[in-house]
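The next block holds one structure in the form of structure tokens; read it before the comments.
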Amino acid sequence: MRAAVFSKPGEPLTIQDVDKPTISDNEMLVKVARCGICGTDIHASRSGPFMAPPNTVFGHEFSGEIVEVGKNISSFSVGERVTSLPFIGEKTIGLGQITGAYSEFVKVGEELVVKLPDEIDDQQGALVEPLAVGLHSVKMAGSVAEKDILIIGAGPIGLTCAIWCRFFGAKNIVISEMAPARLDMAKEFGFTDFINPKEDVGKQFADITGGAPEVQFECVGAVGLMQECITRAPKRGLIMGIGVCDNPDTIIPLMAFGKELTIQWAVGYDKEDFEFSIDMMLKGRIDATPMVTNVVSLAEVPGIFEELRSPTDQCKVIIDLTK
């Protein structure tokens with residue numbers, strides 16, 4: 001089958017013929033329809049502790065159709081459209097352990113597969129995973145209802161966190177972002193309060209809301225941002241670490257100690273987050289499709305992947321494997 005393959009840092013992905021996955025009696029084979037390119041994939045293609053091994057096929061945000069079912073599986077049938085959490089047991093799909101969905105076929109395990117209703121098209125199906133990331137992050141924050149929220153970074157995950165904060169009744173949602181394209185994207189989702197991260201974020205937030213951010217979602221993962229969150233947090237504030245930072249960082253614990261802050265990291269999701277996201281999409285209460293800025297063929301993946309290292313007007317890029 002054809003796939004986009006990562007070889008090593010500094011080299012673009014290449015389109016290659018690779019072995020089609022073989023399934024066990026408890027697995028299924030899915031013909032991929034759509035797959036999102038995630039910031040985690042970009043991160044895993046760089047040198048560092050998070051780097052994927054050579055010959056990795058990325059891709060964990062996908063939708064598709066079941067084409068083969070293991071003999072021990074009775075709850076799914078060939079022809080059903082699905083998405084899946086990107087795990088089989090303890091192994092991860094798309095980060096080096098199991099071939100991911102930048103390819104024509106991907107194998108999945110029964111327990112974490114979720115059926116897609118007919119009303120949810122393939123592109124929406126590939127957006128379930130990023131929506132689930134945002135949902136899980138907001139749930140980990142506890143109740144956000146009637147609270148003043150600061151979202152740091154308006155990439156796909158920052159946007160999904162903002163969407164779910166609004167869904168669960170946040171009082172004010174302020175987004176810190178300087179990229180014009182991402183600001184425009186946030187406006188398409190109906191957000192209106194923005195601040196410039198190059199200026200005093202705490203002061204700008206107070207000018208909009210009248211106070212300090214009760215909950216901060218740090219969705220960038222850059223060195224220094226956690227301490228900035230600590231500095232601007234109010235007494236007993238909550239800081240959610242969502243962005244991936246694999247470099248050493250420094251905070252001032254005494255400042256957090258004095259304010260009695262809570263710092264909570266969130267990663268991934270549970271199956272119920274996929275199911276709830278699909279249910280809310282089906283009911284028209286959540287829609288992530290405006291964040292899709294590019295739909296590309298598999299052949300175009302190496303080029304767009306390199307562009308996403310320094311994105312300009314791209315937000316969520318979707319690979320159309322039917323092209």
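For the stretch 134-248, give the magnitude of the charge dipole about the Cα centre (Cβ charges: +1 Lys/Arg, -1 Asp/Glu; no others), in debye to the nearest 20.
So the dipole magnitude of the stretch 134-248 works out to roughly 280 debye.
Nothing charged except the Cβ atoms of Lys and Arg (+1) and of Asp and Glu (-1): what's the magnitude of the dipole of the chain about its Cα centre? Round to the nearest 20 debye.
About 540 debye.
Looking at the stretch 158-233, which trypsin sites (Lys or Arg not before Pro) are in a loop (DSSP not H, G, I, E or B) and have at most 13 other Cβ atoms within 10 Å?
Taking the stretch 158-233 and a limit of 13 other Cβ atoms within 10 Å, the loop trypsin sites (Lys or Arg not before Pro) found are Lys171, Lys198.
Over 27 Å between Cα atoms: which of Lys8/Lys71; Lys71/Lys139; Lys259/Lys316; Lys115/Lys147; Lys8/Lys115; Lys147/Lys198 fall into that group?
Going by Cα-Cα distance, Lys8/Lys71; Lys71/Lys139; Lys259/Lys316; Lys115/Lys147; Lys8/Lys115 fall outside the 27 Å limit.
Given a 1.4 angstrom probe, what's the average accessible area per residue across the chain, in square angstrom?
Using a 1.4 Å probe on heavy atoms only, each residue of the chain averages 44 Å².
Counting only protein heavy atoms and using a 1.4 Å probe, what share of the accessible area of the chain belongs to carbon plus sulfur, as a whole percent?
Carbon plus sulfur share of accessible area: 50 percent.
Residue-wise, which Karplus ³J(HN,Hα) couplings in Hz belong to the stretch 32-39, taking 6.51 cos²θ - 1.76 cosθ + 1.60, θ = phi - 60°, and x for glycine or proline?
Karplus values, whole Hz, x for Gly and Pro: 6, 9, 9, 8, x, 8, 9, x.
May I ask you to evaluate 6.51 cos²θ - 1.76 cosθ + 1.60, the Karplus curve with θ = phi - 60°, for each residue of the stretch 156-169 and list the ³J(HN,Hα) values in order in whole Hz, giving x for glycine and proline?
Once θ is set to phi - 60°, the couplings for the stretch 156-169 become x, 6, x, 5, 5, 4, 5, 4, 6, 4, 5, 4, 8, x Hz.
Principal axis extents for the chain, Cα atoms only, whole Å, descending order, please.
Sorted largest first, the three principal extents are 58, 43, 34 Å.
If the only charges are +1 at each Lys and Arg Cβ and -1 at each Asp and Glu Cβ, what is the size of the charge dipole of the stretch 105-198 around the Cα centre, to the nearest 20 debye?
Dipole magnitude for the stretch 105-198 comes out near 440 debye.
Using modelled amide H (1.01 Å from N, peptide plane; none on Pro or chain starts), what sits under 5 Å from the amide H of Lys147, excluding residues fewer than 5 places away?
It is Lys171, Asn172, by chain and number.
For the stretch 173-323, what does the equivalent ellipsoid look like in terms of its semi-axes, each the square root of 5 times an eigenvalue of the Cα gyration tensor, given largest first in whole Å?
They are 31, 19, 18 Å, listed from largest to smallest.
Which Cα, out of Pro253, Ser7, Ile286, lies furthest along the positive dipole direction of the chain (beta carbon charges, K/R +1, D/E -1)?
Selected residue: Pro253.
If r is the Cβ-Cβ distance from Glu306 to Gln227 and R0 is 35 Å, what FRET efficiency results, to the nearest 0.05?
0.65
I need the calculated FRET efficiency for the pair Met140 and Ser77, taking r as the beta carbon distance and R₀ as 41 Å, to the nearest 0.05.
Once the sixth-power term is evaluated, E becomes 0.75.
Work out from phi, with θ = phi - 60° and the Karplus expression 6.51 cos²θ - 1.76 cosθ + 1.60, the ³J(HN,Hα) of each residue of the stretch 148-155, listed in order in whole Hz, and give x for Gly and Pro.
Once rounded to whole Hz, the list reads 8, 10, 10, 9, 9, x, 10, x.
Express in whole angstrom the spacing between the alpha-carbon centres of the stretch 107-126 and the stretch 4-83.
14
Considering amide H positions built from the backbone, and no H for Pro or chain starts, which residues 5 or more places from Asp193, or on another chain, come under 5 Å of its amide H?
Ile175
Over all pairs of distinct alpha carbons, what does the Kirkwood formula give as the hydrodynamic radius of the stretch 70-128, in Å?
One over the average 1/r among Cα pairs gives 12.4 Å for the stretch 70-128.
Which log10 I(q)/I(0) values, to two decimals, does the stretch 70-222 give at q = 0.14 Å⁻¹ under the Debye formula with one point per Cα?
Reported log10 I(q)/I(0), two decimals: -0.79.
Quick one: of the DSSP bridges fully inside the chain, what percent are antiparallel, nearest 5?
55
Say a site is exposed when it is one of the GluC sites (Glu not before Pro), sits in a DSSP loop, and has at most 14 other Cβ atoms within 10 Å; what is then the longest site-free stretch of the chain?
Result, exposed sites excluded: 1-89.
Quick one: give the max-minus-min coordinate of the C-alpha atoms of the stretch 1-97 along each principal axis, largest first, in Å.
So the extents along the principal axes, rounded to whole Å, are 44, 26, 21.
Expected output is a single nm value to one decimal: the length gained when fully extending between Lys31 and Met255, i.e. 0.36 nm times separation in residues minus the C-alpha distance. What is it?
75.5 nm is the gain from fully extending Lys31 to Met255.
The values are calculated or read from the model by the stated rules, or taken from the named source; none is laboratory data. No experiment lies behind these values; they were computed from the predicted model shown. Note that each Cβ is placed from the backbone with ideal geometry, even for glycine, and that neighbours are counted across all protein chains shown. To get the accessible areas, we keep the full protein, side chains included, count just its heavy atoms, and leave off ligands, DNA and RNA. Shrake-Rupley method; radii C 1.70, N 1.55, O 1.52, S 1.80 Å.
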